[in-house]
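These notes are about the structure you will find just below.
The values are calculated or read from the model by the stated rules, or taken from the named source; none is laboratory data. This is a predicted model, so every value here is computed, not measured. Cβ sites come from the backbone with ideal geometry, for glycine too, and all protein chains shown count toward neighbours. For accessibility, only protein heavy atoms count, side chains too; no ligands or nucleic acids. Shrake-Rupley method; radii C 1.70, N 1.55, O 1.52, S 1.80 Å.
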Amino acid sequence: MNDKEVEDKYKKLVEIKKHLDAIKDEWDEETLDELKEFLQEKYSNVNFEKIPNDKTPYLIEASGENTSNIGMFGRIRDAFERDVGIDPGRLLGLTDGIFGMVMTLLVFGIALPEVVSSYTNYISFFETLAPTIGITIVSFVIISSFWIYHHEFIKIKNLNIPYLWINIFFLISLSFIPFTTSLIGNYSHFFLSEVIFGINILLTIISFLFMYIYASRRDFLEEKPTKEEKRHVLTTLGSIMGLVVIINLLDFNVSSNCIYLFLLIPVISTVLDIRYQYRNS
């Protein structure tokens, strides 16, 4: 895109804003910030001066070298970030399917004994199985929380290749939870098992966070979130990330039973959600 094309498109945006000004007397600061953010993302190779007092954005200067010589790299980047013709519903169906499979695999990870010769051995088997059942419940609660977050925060109308692969990386991290759960169930006496489980949960949260931020910035979400909504989502995910770190530290310094503190995840998210609803009611 050359200087002339950038300037022409910008003039169209200015004209649109003039029409909007005619039907809306006053723009709040949040709307102006969102407009500026959109323009800067749309034309990343253009330098913008801060929006002036008359609330009319204008083009200050274009980086002539970067704009005129956008060349092959720019075209590849634009093609890579262009919306793809994939129905978001199919991606949601794939995601739900993997959630269901992962939850099912958690239960399959509980191994039954080959032979039980007496009732006493049968009772002993359940006693030894109790830690595995406990960590399975913990993992089920964690995965259920992610499923709820995905349906609450990730409602997309469009997608592109980068978002698609961020979502796939999230599903990869999610799919490893049954394996890392089995590590704790079978090798709970090794602290490394709990570390690997904690890293798995942390990577899942980070990939979900990237997915939400990218979808928000690219305007892929069905409803554009407000600053308060974004802050609520980031606070929720950040709190859970902090909980994961704290639990790993407690596992190492206090007791391996601290792994059950992961059950606080739905409690924390519910409290934060109630606080958010109260502040915005």
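Points to keep in mind about this one:
- Subset of segment 148-159 [buried (at least 18 other Cβ atoms within 10 Å of the Cβ) and farther than 11 Å from Pro88 by Cβ]: Tyr149, His150, Phe153
- Considering the conditions (1) open to solvent by less than 20 Å² (accessible area, probe 1.4 Å); (2) under 23 Å from the mean Cα position of the chain (by Cα), Ile135 is excluded by exactly one of them, (2).
Quick grid of which residues meet (1) out of contact with any Phe, Trp or Tyr (no Cβ under 8 Å at 6 or more places or on another chain); (2) under 20 Å from Met241 (Cα atoms):
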residue	(1), (2)
Pro131	yes, no
Ile137	yes, yes
Phe146	no, yes
Pro162	no, no
Trp165	yes, no
Leu171	yes, yes
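- Residue in segment 252-271 that is surrounded by the most Cβ atoms within 10 Å (Cβ to Cβ), counting only those that are without any contact (Cβ under 8 Å) to a residue 12 or more places away in the chain and part of a helix (DSSP H, G or I): Cys258
- Which listed residue is of a type in the set (A, V, I, L, M), more than 16 Å from the chain's Cα centre (by Cα), surrounded by fewer than 16 Cβ atoms within 10 Å (Cβ to Cβ) and part of a helix (DSSP H, G or I), from Leu249, Leu243, Leu234: Leu249
- Among residues of segment 160-192, those that are over 18 Å from Thr104 (Cβ atoms) and part of a loop (DSSP other than H, G, I, E, B), counted: 4
- Of all the criteria given as (1) over 30 Å from Arg275 (Cβ atoms); (2) at pLDDT 90 or above, the one not satisfied by Phe210 is (1).
- Matching residues in segment 197-206 - criterion: being surrounded by 16 or more Cβ atoms within 10 Å (Cβ to Cβ) and of a type in the set (Val, Ile, Thr): Ile201, Thr204, Ile205
- Segment 207-231: number of residues that are in contact with a strand residue (DSSP E or B) (Cβ under 6 Å, 6 or more places away or on another chain) and either farther than 18 Å from Ile156 by Cα or open to solvent by 80 Å² or more (accessible area, probe 1.4 Å) (or both): 0
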